[in-house]
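Worksheet: one structure, shown below.
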Amino acid sequence: SSITKEGAKVIGVSVQTVKSHLAFIKKYHLNFLLLADPAHKVANEYGVYNPKWKVDNRVTFLLNPQGKIVRIYPKVDPKVNATQIMAEMKMLKSKMKTAKG
């Protein structure tokens with residue numbers, strides 16, 4: 001994908017089981033890592049688990065190379081999220097080049 005060509009790593013995390021992940025990956029032909037979090041450890045840590053519905057909310061976190069969250073997309077629309085991330089990555093790269101002078 002364009003995002004990985006730009007040097008980013010894409011990782012999905014969901015509270016679903018590994019078995020359900022395998023079916024989802026196959027159905028949608030995902031080309032990125034999808035991790036299972038059935039104990040909600042990651043979802044709770046990032047504040048995206050909804051105990052009322054027993055699901056995790058779809059949220060994208062963009063981290064810089066140092067692992068710091070630089071942008072949060074709280075209501076992800078899968079049709080436009082990749083474009084949003086690419087624009088943000090280009091802006092961040094531009095800022096880094098300017099800062100290095």
For this session: Within the range 41-68, track down each residue that is assigned to a strand (DSSP E or B) and open to solvent by 70 Å² or more (accessible area, probe 1.4 Å).
Result: Leu63
For this session: Answer yes if at least one residue in the range 33-40 is modelled with pLDDT under 90, closer than 27 Å to Met96 by Cβ, in a loop (DSSP other than H, G, I, E, B) and open to solvent by 90 Å² or more (accessible area, probe 1.4 Å), and no otherwise.
Result: no
Problem set entry | Checklist (1) closer than 26 Å to Ser2 by Cβ; (2) touching a Pro at 6+ places or on another chain (Cβ under 7 Å) applied to Leu35, failing item | (2)
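The values are calculated or read from the model by the stated rules, or taken from the named source; none is laboratory data. The shown structure was predicted, so the numbers you read here are calculated from the model rather than taken from an experiment. Cβ coordinates were reconstructed from backbone atoms using ideal geometry, including for glycine residues, and neighbour counts include every protein chain displayed. SASA here: full protein model, heavy atoms, side chains in, ligands and nucleic acids out. Shrake-Rupley method; radii C 1.70, N 1.55, O 1.52, S 1.80 Å.
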